[in-house]
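The values are calculated or read from the model by the stated rules, or taken from the named source; none is laboratory data. Note that the structure is a prediction, hence the values are computed from the model and not measured. A quick note on method: Cβ atoms are made from the backbone with ideal geometry, for glycine too, and the neighbour counts reach across all protein chains shown.
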Amino acid sequence: MHGGDQVAQVLKAQGVRTVFTLCGGHISPILTGARTAGIRVIDTRHEATAVFAADAVARLTGIPGVAAVTAGPGLTNTITALKNAQLAQSPVVVIGGATATILKGRGALQDIDQVPLMAPHVKDVFVIRRARELVPAVERAFATARSGVPGPVFIECPVDLLYPEEVVREWYGLGKGGGGLAGWAERIYLRRHINRLFRGADRQRPGPAMVEPVPAPESARVLEIAQKLKAAKRPLLIAGSQSVCEPDRVVAVAEAIDRLGVPVYLSGMARGLLGSRHPLHFRHRRREAIKQADLVILAGVPCDFRLDYGRQIRKGATLVAVNRSRTDLRLNRKPDHGVLADPGMLLVDLARAAPAAGGAWADWREQLDARDAERELEIDTQAQVTGEFANPLSVCRGVDGLLGNRSIIVADGGDFVGTAAYITRPRGPLRWLDPGAFGTLGVGAGFALGAAAAHPDAEIWIIFGDGSVGYSLSELDTFVRHKIPVIAVVGNDACWSQIAREQVKVLQDDTAVMLARTDYHRVAAGFGASGLVIHSDEEIEDVLSQAREIAASGHPVLVNAMLDRSEFREGSISI
C-alpha cells in the first residue's frame with residue numbers, strides 16, 4: 001500500500017464518496033488510490049471547479065468535500081474558490097501535491113513556497129514530511145474543517161511520500177553504483193533520507209471520523225431570549241447559512257421555526273428551509289420589515305453589507321445574535337443578547353422554551369403579508385411587459401413552474417440570478433446553492449457537480465448570467481463525460497447588467513460591460529451536450545419542458561434564453 005492508498009483509506013473512513021480533481025503527476029497515487037477504495041473521482045477542466053464542487057458537497061452533506069490538485073499552478077488556481085469557501089464557512093479539504101522532499105527549493109518543476117499562499121485562506125495548513133504522518137494529518141484536517149466555525153483546510157503532500165517506496169528509491173538512483181567516493185557519500189545520504197521518509201509508514205491505520213461537539217447555547221441564555229421574544233410586538237427572525245450547517249438537523253430547525261411562529265426571512269443556504277409556500281416565510285422588502293421590528297434575531301447572519309452593516313436595525317430594537325463565530329457575532333454592531341453557539345441548536349431550544357407564541361403577532365404578520373402581496377403584484381405587472389426577446393421575469397417564472405420536489409437550484413450570476421432569487425422558490429431545505437458573501441462568479445459548474453455527487457437523484461438546475469457562464473462553459477465536457485444531466489439556463493441580455501446599470505447611469509460610459517448575444521447553445525452542442533434556445537416569451541414553457549425531458553434521459557442540456565433588458569433590479573447593487 002503506497003501513500004496515495006493511505007490517503008484514500010482515510011477519505012473513505014471519513015465518509016467521502018467523491019474526490020474532485022484535475023489530474024497531475026504530483027497527486028496521481030491519491031487518485032488511483034481513491035478509485036481502488038471505491039471513491040468516485042470526477043475530473044474537471046479547471047482546479048477552481050474542483051474546489052467549488054467540494055464546497056457544494058460539504059454544504060449539502062455536512063461531510064467535508066475533497067479536492068485534490070497538483071502542485072504550483074494547480075494549487076494557485078484554487079485560491080478564489082478556497083476564499084469563497086472560507087467566507088461561506090464551508091468545510092473543504094484541499095489536498096495539494098508538492099515537489100519531492102529532497103528537491104524542495106532547488107528549482108524543481110512547479111516547486112513554489114505554497115504554504116504562505118494558502119494559509120490566509122484556510123483554517124489550518126498541514127504539511128506532510130514523513131509517510132507516517134499521512135494518516136493522522138488527514139484525519140486532523142477533517143476534524144479541523146468541521147469544528148467550530150466550519151471552513152477549508154489545506155494538506156501539502158510531497159510527491160515522494162505518495163508513491164511506493166521501491167519506486168521512490170529508483171527515482172533517487174539508489175540501485176546504481178559508480179561515481180567514486182562522492183557517489184558513495186551521496187547514496188548514503190539519500191538512503192538515510194528515504195529511510196526516514198518511510199519509517200513506520202506501514203503501521204498507520206485510519207480510524208473513525210473525529211467530530212468535535214457542536215457549540216451548544218446555555219439554557220439560561222435561551223430562557224432570557226424566550227422572555228424577550230414573548231414580550232415583543234413585532235419580532236423578526238433572519239436565518240442564514242449557519243442555521244443549516246448541520247444537515248442532519250435541518251428538519252428539526254424548520255419545525256422549531258414553525259412552532260415559534262416568528263416571521264422569518266431566509267438567506268444563503270437557509271433558503272428553502274420552510275419549503276416554497278410557508279406562511280411564516282416572507283420574501284420581499286426585508287429592509288422595511290427590519291426597520292419596523294422591535295426584536296430582531298440574527299441566526300447565523302452577520303451585520304455585514306447585506307444588512308447595511310447593522311444600520312437597518314433601528315436603535316430602539318432589541319438585537320439578538322447567535323453565531324458560531326465570535327467575530328461575526330459582534331461585527332459592526334454589538335447585540336443586546338449575543339450567543340456564541342450553533343444557530344440551529346438555539347432555534348430548536350428556543351422553540352421548546354417559547355412554544356406557540358405566534359398568535360400574539362397576527363397583526364404583524366398581516367402587515368408583512370400585505371407587503372409581500374403588493375410586491376408580487378408589481379412583479380406580475382413587470383412580467384407582462386413584452387419586447388423583442390423574452391422577459392427575464394417570465395423565464396424565471398417558467399423555471400419555477402417546472403421545479404420538482406427533488407430539484408436543486410445553483411445560482412451563478414449577477415442581474416439575472418438576482419431576478420431568479422426573487423421568483424424561484426426552492427422546494428425544500430438545502431435545495432439552493434449560491435456563492436455566499438464573497439459574491440464569486442464561476443461557481444455554477446462546480447456547485448452543480450457537487451450537488452449531483454451529493455444527491456444523484458436530484459434534478460439540478462443552474463441559473464447562469466451570460467457573464468458568469470463564461471467561467472463554466474468548458475465544464476460542459478465534464479458533465480458529458482461523467483453523465484451528469486444538469487439543466488443550465490443562461491439569461492442572455494448581452495451585457496454585464498448588474499454593473500452596467502450603475503456605470504452607465506453614473507459615468508455615462510459602457511466600457512467593458514457589453515457582451516454579444518453569443519450562441520451558447522451551440523457551444524454546448526460542441527461539447528456533446530444538448531443546446532436549446534429561447535427567443536420569446538411564447539417559447540419559454542415548451543423549451544424548458546424539452547430541456548427537462550432531455551435531462552431526465554440522462555443528458556446535460558443548456559438553454560440559451562435571449563432576454564430583453566429589464567429595469568426590475570434598478571439600484572440593487574450593494575457594496
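Quick rundown of the values:
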{"quantity": "Filtered residues of segment 203-231 (kept if modelled with pLDDT of 90 or more, among the charged types (D, E, K, R) and not in a helix (DSSP H, G or I))", "calculated": "GLU218"}
{"quantity": "Looking only at segment 257-288, and only at residues there that are in a helix (DSSP H, G or I) and touching a Pro at 6+ places or on another chain (Cβ under 9 Å), the one that is surrounded by the most Cβ atoms within 10 Å (Cβ to Cβ)", "calculated": "ALA270"}
{"quantity": "Residue among VAL244, VAL251, VAL222 that alone is surrounded by fewer than 13 Cβ atoms within 10 Å (Cβ to Cβ) and either in contact (Cβ under 8 Å) with a residue 40 or more places away in the chain or over 20 Å from SER325 (Cα atoms) (or both)", "calculated": "VAL251"}
{"quantity": "All positions within segment 513-531 that are among the hydrophobic types (A, V, I, L, M, F, W, C) and surrounded by fewer than 21 Cβ atoms within 10 Å (Cβ to Cβ)", "calculated": "VAL513, MET514, LEU515, ALA516, VAL523, ALA525, PHE527"}
{"quantity": "Segment 438-464: number of residues that are surrounded by 19 or more Cβ atoms within 10 Å (Cβ to Cβ), under 11 Å from the mean Cα position of the chain (by Cα), in a loop (DSSP other than H, G, I, E, B) and of a type in the set (A, V, I, L, M, F, W, C)", "calculated": "1"}
{"quantity": "Meets criteria (more than 21 Å from LEU473 (Cβ to Cβ) and surrounded by 14 or more Cβ atoms within 10 Å (Cβ to Cβ)) for SER566", "calculated": "yes"}
{"quantity": "Filter result for LEU236 (part of a helix (DSSP H, G or I), out of contact with any Gly (no Cβ under 9 Å at 6 or more places or on another chain) and either at pLDDT 95 or above or not acidic (Asp, Glu) (or both))", "calculated": "no"}
{"quantity": "Qualifying residue in segment 340-361 (condition: touching a strand residue (DSSP E or B) at 6+ places or on another chain (Cβ under 6 Å) and surrounded by fewer than 15 Cβ atoms within 10 Å (Cβ to Cβ))", "calculated": "no"}
{"quantity": "Residues of segment 120-142 that turn out to be more than 24 Å from ASP5 (Cα to Cα) and outside any helix (DSSP H, G or I), as a count", "calculated": "2"}
{"quantity": "Tabulated pairs, segment 30-45, first assigned by TED's automatic domain parsing to the domain that holds GLN9, second of a type in the set (Asp, Glu) and surrounded by 20 or more Cβ atoms within 10 Å (Cβ to Cβ), C-beta under 9 angstrom, 6+ apart or interchain", "calculated": "THR44/GLU475; ARG45/GLU475"}
{"quantity": "In segment 62-107, the residues that are of a type in the set (Ser, Thr, Tyr) and buried (at least 24 other Cβ atoms within 10 Å of the Cβ)", "calculated": "THR78, SER90"}
{"quantity": "Helices (runs of 4 or more DSSP H) wholly inside segment 55-119 containing at least 2 residues that are within 30 Å of PRO247 (Cβ to Cβ) and under 13 Å from the mean Cα position of the chain (by Cα)", "calculated": "79-87"}
{"quantity": "Test: residue in segment 471-485 that is within 26 Å of ARG306 (Cβ to Cβ) and modelled with pLDDT of 95 or more", "calculated": "yes"}
{"quantity": "Selection from segment 308-335 of residues that are without any contact (Cβ under 8 Å) to a residue 60 or more places away in the chain and either within 20 Å of LEU368 (Cα to Cα) or more than 26 Å from the chain's Cα centre (by Cα) (or both)", "calculated": "ARG311, GLN312, ILE313, ARG314, LYS315, GLY316, ALA317, LEU319, ARG333, LYS334, PRO335"}
{"quantity": "Checking TRP496 against (1) under 23 Å from ARG565 (Cβ atoms); (2) touching a Pro at 6+ places or on another chain (Cβ under 9 Å); (3) of a type in the set (A, V, I, L, M, F, W, C), the condition it does not meet", "calculated": "(2)"}
{"quantity": "Number of the condition not met by ARG45 [criteria: (1) within 15 Å of GLY96 (Cα to Cα); (2) touching an Asp or Glu at 6+ places or on another chain (Cβ under 8 Å)]", "calculated": "(1)"}
{"quantity": "Criterion: small (Gly, Ala, Ser) and under 31 Å from the mean Cα position of the chain (by Cα) - qualifying residue of ALA220, ALA201, ALA209", "calculated": "ALA209"}
{"quantity": "First in segment 99-115 and closer than 17 Å to ASN77 by Cα, second anywhere and surrounded by fewer than 16 Cβ atoms within 10 Å (Cβ to Cβ) and charged (D, E, K, R), Cβ under 7 Å, 6 or more apart", "calculated": "ASP111/LYS104"}
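Rundown of residues vs (1) in contact (Cβ under 8 Å) with a residue 40 or more places away in the chain; (2) aliphatic (A, V, I, L, M), yes/no style:
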| residue | (1), (2) |
| --- | --- |
| VAL504 | no, yes |
| SER530 | no, no |
| VAL543 | no, yes |
| GLN546 | no, no |
| GLU549 | no, no |
| VAL559 | yes, yes |
